[in-house]
Every structure is written in C-alpha cells, then in structure tokens.
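J.: Before I ask anything, here is the structure I am working with.
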C-alpha cells in the first residue's frame, strides 16, 4: 500500500490511498523517504506529521506506511548517546552528513558495528518472565543488563553465546520467538509494570533549598516554571550533574543549540561522584533544538520517557529532565493549528491538559516486571510567556505535578542562584517524606525546616514595614530578624554551582548548616533581649564564617560546625557579660 | 533543477500578498517562482500545495497585479542567495541585490537562504569575547563569540545609535579577522541614512555587509532579509573563517511582517495576533549563531527589537528572550536622566558571560568584580526606592553609601557616551566604585581576588 501526497502545508502533509493505515503508524514520506507519523485518518486520507523539513516536497510524491507505530530501540549502547527527537543518533548523522542536518537519513539508533559479549543469567529450560533480565552484555568497559521485551515470555529453548551485535538473536523461546540484546517499544505506550510504590523516599537533588524545603519523592514529578533569565536551565543542568540518580535522561525540547553544545562539552569532562566514571556514562541526551523540525519536538518527550522507563525496568533510579514542556506544548499547538482543530485557551488544543497529565503519570517508583524496584522522577521545566503563571501550560502542569519549584526573576537579577522563590514554591510530598529525613538526615529536621521558613516569612513582613518607615526605625530584635534571614538566604538558600564543594550538598550537611544558622539567630535574639546592642553582635564577625560553610566539604562539616558553634557560644557569652 | 521550464499563464486569484495557481505540474513546497505581468517581474515562493491548487506568496508589492494576465514561471529552486566575500563593503537590498550603484558581487556559492539546522554534536560552545567598547556590555554582560544577545529597546530610545556604535566599535582581540553583517528591516529613511553615514564616517564599511529592507519595501521581503544576511554571514564565518557579528534591526518590524503575512494566509492567530509558530520561526533565525567544531570562524548575533508599549512580556521580546542567550535592556528612566547608553544592567543578562571572561580572555578578576558591582547596584537601587518614601535623611550610613554607589555606577560606568572604553578601563573603574566599601562588605569578592588586588595596588 502506497499513497500519494495531495496536500503539503508546513510540517503536516496529507496523502490519499491510505485507507488501511493505522493511527500513529510510521510512514515514509516522499522520494527522500522522510520520517512521518499518521495523526488523523478520514476515509483514505491520512494526515501525516513529518519529522523532517518538508521544503522541496511535491504533490504526487509517495507516502508508504510501515505497519509500525513510532518506536524507539532499547538496548546496550544507549548510555552516552545523543539522539534527536525521534531517536536518530546525532553523532552518526554528523559523520555521514557533515556539520548541518540533512534529510532522509536512515540510521539505526544503536551502533550496528559494535559487538557485545552476553553473559547469560538464564539457561535453556528456564521459564523466562516478560521483562526479565537475560544477563549482562559487555563491550570494553561497558556493561549493560539485557531485558526481555515486556511482551515476550516462556520456556527458553536455546541461549547462544559469543560476541553479537544488538540485533542478533541470543535467546530462542519454545515456540520460536527470538530475543536480541535490543528490542523496540512504541514511544506513546507506557511500558508495563507490576505495581506502583508509595512516594516516601526522596529524590535527592543536592540543592539545599530543594531537598530541605521543597523535596520531591523518588518517582515523583516536579515542575520548574520560570521566565527567561531566571536560571531554569542552570538548575536543570545542576540536577543532571548532582542529583542522586543512576541514569539521567535529559530531553532538550525546543531549546538552544549552544546550551546543548555546552552540556555535550562538559559532560565527558565531569566525573560522576557516584561511580567515579565520566558523567556521560550515565546520561542519555535527547536533543531537538528550537530550529529542528517541530513534529520531532512533539515526539521528543515520549522518546525520552520511553528510554527512562527502560532503565527503570532494570531496577535503576532514573531522572527524566524535560527542558522545556512549554516548547513541547507549543509544538502541539502548532500542529493542531495546521490541522485546523478548534483551538482552546490561548490557541492550545483542548487536549493539552489530558496529554500533559497522562505524560506525568508515566513517572513513578515501581516494582518492575523483572528486576525489582526502579523509578522515573520527572522534572519538567515550564517557560511561561511573559513570566505569567496563569497561562495554560503552567496551570495544567500545576494540576499534574506534586512539587512546584518556582523561580524568581528578582532573585536571578541579584545573582541569587538557585533563584527559587520560597514564598511561592510548594511540595505536596514534603509531609510523606518527613519520616525519611528525620531518620536519615537527623532528628529535628522537620522542626528546623519550619523555623527557617517562619524566619523567612517574618523577613518578608518586616521588609514591607521597613519600606515604609526605614530600617533605622526598626527595633534591634526586628533588625536581627532581617540580618539572620539575609544570612540564611546568602549562606544557605544560595548555592554556588561553580564551587566544586558547594555545588552539591547532602542532607546531613544541609541539616548541620541550617541548625547553625538558627542557633546563631536564637542566641543572638536572646542576647538582644538581654540588652546587647545588635551592632556589637554584628561586629563579632560570626556571619562571615557562617557564609562560608557552603564550601566546607561534607566530611568536615561536623567538626567545622562544632568549632563554629563553640565560637558562637563564646562570642555571645562574652557580649552578654559586657 | 528541472530541465523543462514549467510556465503557467493566468492565475486563479489573488488576495493580499497571495497568488493562487491551478494545474502546475510538480510544484514543490518552498519553490521560487517568477511572475511576469504588465512588463514587471516579481518573485514569489510556494507556501502551500493543496490538490491542484498552489498558493504563492509574492515577494514584492502586489498592487496592480492582475492574476489573469500573470505569467508564472517555476524555477525549480528554493529561495537561494549568491554569496561571496565581495559582499563586505557593499550596500544591498533586503534580498541581497546591490543598491549602491555598483555591479552585483560575483557569487562564490549559491546557498538556500533558509539554511539547515546545525547538528548539535558539531557545535562548539561559544568562547572568547567580542569587545564592544561599552562598559555595561563588556564589563557586566559580556558578549561572547557564537552568542545571540538581543537589545530590548522602547520607542524613542537611542537603540539605533547603540546599534551603529556596535557596528563601528566592535572588535576581536588577538588579531583574528572580523566582519560585520548589518541587516535593517523596515527602516525609515532617517534611520538607514544615519546608519550608512555613521559607518562611512567611522571607516568601517569595508568590513561590513549591509542588507537594507526599507520601510517602503513589501513586508514579505522583510521575512527574507535576515535570512539573506545570515546566509551571507555563514559563508563568511564558516567558508572564510571570519568572526562575524550580525546586527539585526528592528526585529519588531520583522515580527509584524510575519503577523501580517500569516493573517493574510488566514492562519489561526496566536497571542496578540502573532502566529503560533513565531517561536519556531524566530528560532530558525537566532539559532544560526554559533561556532562549529574544527572551523575557525564564528557567528555572533545582536538582534535589536523595540518592545511595543515598553512591555517586556509582549510576545516579541518574550519569545526572543526564550531563544537568545540573555538580553541587554534599555531603560527609559536612564534615558530621561541623560545617560547614554541607557542600559539597565539589572534586567540585562549575558547567559554565556562565563565562557568569555576570566584569566586569558579578559582578566581574572572580571567575574567577581561584575558580580560584586551587580550586588551593590541592586541594593543601591532598593535603597533609592526606600529613600523616595522615607527621605534621604532617614538613611543609615551603609545605606547612604549604597545610594551613592548606585548613582555613580549609572553616571560613570554606564553613562560613558559614544567613546570606546577598553575592558581594562572598565574593570579599573569598577574597582574605583567599590573603593568606599570595607572588604567585609564585598562578599562576592573571593579572598584571593582581594588579596591579589591589595598586592597590586599600593
């Protein structure tokens, strides 16, 4: 069955003669065989969104359905790769086409030249469960668990050894089904699991303000809205570097090429603090920059999510970063407009909310089909137009996600990074995670968190008053609140991504720092109440020491904090004695 | 290209800039056509194909065009431009044809103006700075080779003067070859005349290629102008190894043309009537800045745009800001106080500054000095706002010092006038502004930087 193009308009085309095609089926479009997907069928007319530039296409050119939905290839060699939105390997494309992206290139996602040695963990005669682990594939320094596809199970008839490529069969089941190292899975269908687990384990980001005040659970979902220039991308990238994830899938969805170039340049140089190897070895990048075809941008988040689920199914903890979901929603809108669908709010299609909600539901900490427990935690950036949080993508995301990490332009202007607005952000998961923090980071965590939030809230109120009457008119006790809150902001909430020590902060260190900040405030408040002038407390030079705690390594924090604590106690006692 | 020329006599209809044809064999999306009618020749581009019907966007004025008498020839070619190094020193129209009375430059290559997306794995991250001689940019929001850094202006502010100053003064250090591609979109006579005059006076025309789409030229040509300019820039940068600075002004005229054309095509309008794909469209322009691994040149873009009604959240600055790597924001308040260039450094930002500054590029103390000045200035502005309410007399000593530094920062560092100021002079001025503060108040300066400074200065 081959159809003919009867309409060409931007990234969507219509072909006739395709009565037998299915929705979401992949179609080769035109003589150059561009990749496309059927998104609407009416009688024998198929509307196809094309994942490549359509300029130069002519009416009457062929459209050939493949019988397969849009799928990705999952197997050894994914880690460290850079793909476009429909999983074409960008490195291999550059080798073939040069510096600029051409069209119609058909390259497999996984390298067909590379050979892997399978160390099987199953034998002939074993009963293989769908999605179970077959063994480990090794090639050079890389080792990669091999999973049976979720649909395939049964008694094993034969296991073959030797060095094989990803598409050669290694296991034959009774009944003739052959399994290779890699299998394909349709991107728009969530991979099956056994059951979901409760969200009571945190996904540690290494960012104090997030982990302590607005934690997200492992398998949870967080959204990061922020106008341009608020440090959204910096935050996402430092999460990619420092978060406690076994695998990071980073989807650059409609964002800047230079940013991605920077990521690609940096990742191989960075060491993974968890494994000691290069960070790239636990990362998969899906990149569809803003100037690449818009339909592939729409597909990119599903491509990334399916890859993330695949690693989850191996029992890994996976972080899926989407930068940015707004660009994805805009791609959806652009395609919807080309289809002349009835627009909803701000021109977005009415199904925006349900699509977004369904996508975020693919996150979760789960019991996998084969290998135990794994998780996919999704962090979705949102780029609200004009910083206006009432717009549809932000509002739909707010309903779909459990944690809001709101970024503030004002803080970013002051070079306060991460520019997280503690007055607006929230975590619906904090309560369920409290037990974990009390257990693992230290007792009193929850109480300290509340005390700190209260201090920051007091500061907000006092600043409003001070703007009316001037800080000079405030009482010493009130000015102390302003001073302590400033220290908390500069020394605790603010975290330098450039300082190798401060860039990532474990919860125990964060707790120790927070405790010191609040202790200093408490002691100083008592001293002020006892009549010690605030000025002499400030002149004791304790704050400068507190501010530098961030660059104290986590191992040294206990002794460093102990010394500073003694110093604080002594200095305040001396002042009180005077 | 087809060997058989395809020609159609008589079009079906015309609506604004769109011409409709029927029964054209093998028309291609994006193909360029020639339309001859009444002794005049116009150019057009195929933008949609439906059944037997072809929609052509005419690139010139359609007034007086009679569809029945039009003779349309399909060229088999997508929009392309002949490019050469000889375009430097020339003044061309919005489609790259000479308007300076000289013969067309001999083309070294013919390239499609839409360009192709650069494979991100071949991108080299931006590095090294371009010295503009403007303290608020070089010192505080450094422009880096391969970056795209727009200027956000408001009606009535001297954005044109700043654009011309950039073209005339910008340079790269280290003796590498440098060129400027300047594209004006929808420029009125008074503006482009002033630009050309400034370039001639500064003697920089030889290293500059000027693409001029005038206010009276059809809006559709405006959509091609930045693409022609960038195609030329790509040839100079990646074909000849030059560092190319592309100044595009005014992107607001470009976006208005985009809206006009989209609505003429009866597309569903998005925010404020601008088409839903404006983000993608702007990205295909702005993303053509960059460097390529293993090739010597670079393209750096400074698009200038006017924020309608001074509104930073208007779709044009908003979408631009999401694609570009920062922004330079001009302030009406500074302009009223006679400060030129009126750059408000607080909302301004160069996201890539870190890649262009520091030891070996500018100076080791550049980043900390810039951060510290930002912090002092931001706090000084807070104090100024407070002083307006409570009166300067009620300020404490610290606050008065902050207020003073904010004033001096604006008058001395930002308000430098038309003169060129080197990055070293900018940083020295920065240290001078910080001098009244005790070291412990300068929390953004690492101890090592303070120490180095103390040793250096008596």
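The values are calculated or read from the model by the stated rules, or taken from the named source; none is laboratory data. Nothing here was measured: the structure is a model prediction, and the numbers come from that model. Please note: Cβ atoms are built from the backbone with ideal geometry, for glycine as well, and neighbour counts cover all protein chains shown.
J.: Does at least one position in segment A:196-208 carry a residue that is in contact with a strand residue (DSSP E or B) (Cβ under 6 Å, 6 or more places away or on another chain), surrounded by fewer than 19 Cβ atoms within 10 Å (Cβ to Cβ) and assigned to a strand (DSSP E or B)?
T.: yes
J.: For segment B:206-215, state whether one or more residues are more than 30 Å from residue B:118 (Cα to Cα) and in the same structural domain as residue B:130 (by TED's automatic domain parsing).
T.: Checked segment B:206-215: at least one residue is more than 30 Å from residue B:118 (Cα to Cα) and in the same structural domain as residue B:130 (by TED's automatic domain parsing).
J.: Is it true that some residue in segment A:120-133 is surrounded by fewer than 22 Cβ atoms within 10 Å (Cβ to Cβ) and either touching a helix residue (DSSP H, G or I) at 6+ places or on another chain (Cβ under 7 Å) or on the phi > 0 side of the Ramachandran plot (or both)?
T.: Checking segment A:120-133: at least one residue is surrounded by fewer than 22 Cβ atoms within 10 Å (Cβ to Cβ) and either touching a helix residue (DSSP H, G or I) at 6+ places or on another chain (Cβ under 7 Å) or on the phi > 0 side of the Ramachandran plot (or both).
J.: Tell me, which strands (runs of 3 or more DSSP E) wholly within segment B:71-164 include 3 or more residues that are away from every other protein chain (no Cβ under 14 Å) and either in contact with a strand residue (DSSP E or B) (Cβ under 8 Å, 6 or more places away or on another chain) or surrounded by fewer than 18 Cβ atoms within 10 Å (Cβ to Cβ) (or both)?
T.: B:71-78, B:80-83, B:91-93, B:151-154
J.: Restricting to segment B:275-286, give me the number of residues that are buried (at least 24 other Cβ atoms within 10 Å of the Cβ) and touching a residue at least 60 places away in the same chain (Cβ under 8 Å).
T.: Matching residues across segment B:275-286 total 1.
J.: Turning to a different aspect of this structure: Of the residues that make up segment A:316-327, is at least one farther than 26 Å from residue A:78 by Cβ and at pLDDT 90 or above?
T.: Within segment A:316-327 (the criterion being farther than 26 Å from residue A:78 by Cβ and at pLDDT 90 or above), the answer is yes, since at least one residue qualifies.
J.: Within segment A:390-397, identify whether any single residue is under 27 Å from residue A:195 (Cα atoms) and more than 14 Å from chain B (Cβ to nearest Cβ), and answer yes or no.
T.: Yes, some residue in segment A:390-397 is under 27 Å from residue A:195 (Cα atoms) and more than 14 Å from chain B (Cβ to nearest Cβ).
J.: I would also like to ask the following. Output the helices (runs of 4 or more DSSP H) that fall wholly within segment A:464-558 and possess 2 or more residues being in contact (Cβ under 8 Å) with a residue 24 or more places away in the chain, out of contact with any strand residue (DSSP E or B) (no Cβ under 9 Å at 6 or more places or on another chain) and under 23 Å from residue A:414 (Cβ atoms), or say none.
T.: A:476-488, A:507-529, A:542-547
J.: Restricting attention to strands (runs of 3 or more DSSP E) lying wholly within segment A:124-180, give those where 2 or more residues are more than 28 Å from the chain's Cα centre (by Cα).
T.: A:133-139, A:154-159, A:169-173, A:178-180
J.: Oh, and also: Restricting to segment B:124-154, what's the tally of residues that are more than 17 Å from the chain's Cα centre (by Cα) and modelled with pLDDT of 95 or more?
T.: Final tally of qualifying residues: 5.
J.: Using the structure shown, decide if residue B:323 is modelled with pLDDT of 95 or more, facing chain A (nearest Cβ under 9 Å) and in contact with a strand residue (DSSP E or B) (Cβ under 9 Å, 6 or more places away or on another chain).
T.: Here the answer is no, as residue B:323 does not meet what is asked.
J.: Does residue A:18 satisfy the criteria of being over 24 Å from residue B:56 (Cα atoms), in contact with a strand residue (DSSP E or B) (Cβ under 8 Å, 6 or more places away or on another chain), buried (at least 17 other Cβ atoms within 10 Å of the Cβ) and at pLDDT below 95?
T.: Answer is yes for this residue.
J.: Something else now. Please go through (1) within 12 Å of chain B (Cβ to nearest Cβ); (2) on the phi > 0 side of the Ramachandran plot for residue A:544 and return the number of the only condition it doesn't satisfy.
T.: (2)
J.: Given (1) in contact with a helix residue (DSSP H, G or I) (Cβ under 6 Å, 6 or more places away or on another chain); (2) farther than 19 Å from residue A:188 by Cβ, identify the lone condition not met by residue A:14.
T.: Among (1) in contact with a helix residue (DSSP H, G or I) (Cβ under 6 Å, 6 or more places away or on another chain); (2) farther than 19 Å from residue A:188 by Cβ, residue A:14 violates only (1).
J.: Checking residue A:336 against (1) within 24 Å of residue A:211 (Cα to Cα); (2) within 14 Å of another protein chain (Cβ to nearest Cβ): exactly one of these is not met. Which one?
T.: Residue A:336 satisfies every listed condition except (1).
J.: Only one of these conditions is not met by residue A:161: (1) within 24 Å of residue A:73 (Cα to Cα); (2) crowded, with 17+ Cβ neighbours inside 10 Å; (3) away from chain B (no Cβ under 14 Å). Which number is it?
T.: The failed condition is (2).
J.: Being free of Cβ contacts under 8 Å to residues at least 60 places away in the same chain, under 18 Å from residue A:58 (Cα atoms) and over 37 Å from the mean Cα position of the chain (by Cα) is the filter here, so list the residues in segment B:1-52 that pass it.
T.: Scanning segment B:1-52 gives B:3, B:4, B:22, B:23, B:24, B:25, B:26, B:51, B:52.
J.: Hey, does segment A:256-267 have a residue that's on the phi > 0 side of the Ramachandran plot and either out of contact with any helix residue (DSSP H, G or I) (no Cβ under 9 Å at 6 or more places or on another chain) or part of a loop (DSSP other than H, G, I, E, B) (or both)?
T.: There is no residue in segment A:256-267 that is on the phi > 0 side of the Ramachandran plot and either out of contact with any helix residue (DSSP H, G or I) (no Cβ under 9 Å at 6 or more places or on another chain) or part of a loop (DSSP other than H, G, I, E, B) (or both).
J.: Could you tell me which numbered condition residue A:279 fails, if it satisfies all but one of (1) touching a helix residue (DSSP H, G or I) at 6+ places or on another chain (Cβ under 9 Å); (2) away from chain B (no Cβ under 14 Å); (3) touching a residue at least 40 places away in the same chain (Cβ under 8 Å)?
T.: With (1) touching a helix residue (DSSP H, G or I) at 6+ places or on another chain (Cβ under 9 Å); (2) away from chain B (no Cβ under 14 Å); (3) touching a residue at least 40 places away in the same chain (Cβ under 8 Å) applied to residue A:279, the lone miss is (3).
J.: Looking at A:488, A:511, A:468, A:516, can you tell me which residue is closer than 22 Å to residue B:445 by Cα and not assigned by TED's automatic domain parsing to the domain that holds residue A:212?
T.: That would be A:488, the only listed residue that is closer than 22 Å to residue B:445 by Cα and not assigned by TED's automatic domain parsing to the domain that holds residue A:212.
J.: May I pose another question? Looking only at segment B:1-22, count every residue that is part of a loop (DSSP other than H, G, I, E, B) and modelled with pLDDT of 80 or more and tell me the total.
T.: Of the residues in that region, 5 qualify.
J.: Which of the residues belonging to segment B:287-296 are surrounded by 24 or more Cβ atoms within 10 Å (Cβ to Cβ) and more than 8 Å from chain A (Cβ to nearest Cβ)?
T.: B:291
J.: Looking at (1) more than 14 Å from chain B (Cβ to nearest Cβ); (2) exposed (fewer than 15 other Cβ atoms within 10 Å of the Cβ); (3) over 28 Å from residue A:238 (Cβ atoms), which one does residue A:524 not meet, given that it meets all the others?
T.: Looking at each condition in turn, residue A:524 falls short on (2).
J.: Are any of the residues in segment A:547-557 over 33 Å from the mean Cα position of the chain (by Cα) and either surrounded by 13 or more Cβ atoms within 10 Å (Cβ to Cβ) or more than 14 Å from chain B (Cβ to nearest Cβ) (or both)?
T.: Checking segment A:547-557: not a single residue is over 33 Å from the mean Cα position of the chain (by Cα) and either surrounded by 13 or more Cβ atoms within 10 Å (Cβ to Cβ) or more than 14 Å from chain B (Cβ to nearest Cβ) (or both).
J.: Can you confirm whether segment A:291-308 contains a residue that is within 14 Å of chain B (Cβ to nearest Cβ), surrounded by fewer than 24 Cβ atoms within 10 Å (Cβ to Cβ) and outside any helix (DSSP H, G or I)?
T.: Looking for residues that are within 14 Å of chain B (Cβ to nearest Cβ), surrounded by fewer than 24 Cβ atoms within 10 Å (Cβ to Cβ) and outside any helix (DSSP H, G or I), one finds none in segment A:291-308, hence no.
J.: Which condition number does residue A:114 fail, the rest of (1) out of contact with any strand residue (DSSP E or B) (no Cβ under 9 Å at 6 or more places or on another chain); (2) in a loop (DSSP other than H, G, I, E, B) being met?
T.: Checking residue A:114 against (1) out of contact with any strand residue (DSSP E or B) (no Cβ under 9 Å at 6 or more places or on another chain); (2) in a loop (DSSP other than H, G, I, E, B), the one that fails is (1).
J.: Scan segment A:320-331 residue by residue and report those that are part of a helix (DSSP H, G or I) and more than 10 Å from chain B (Cβ to nearest Cβ).
T.: Selection gives A:325, A:328, A:329.
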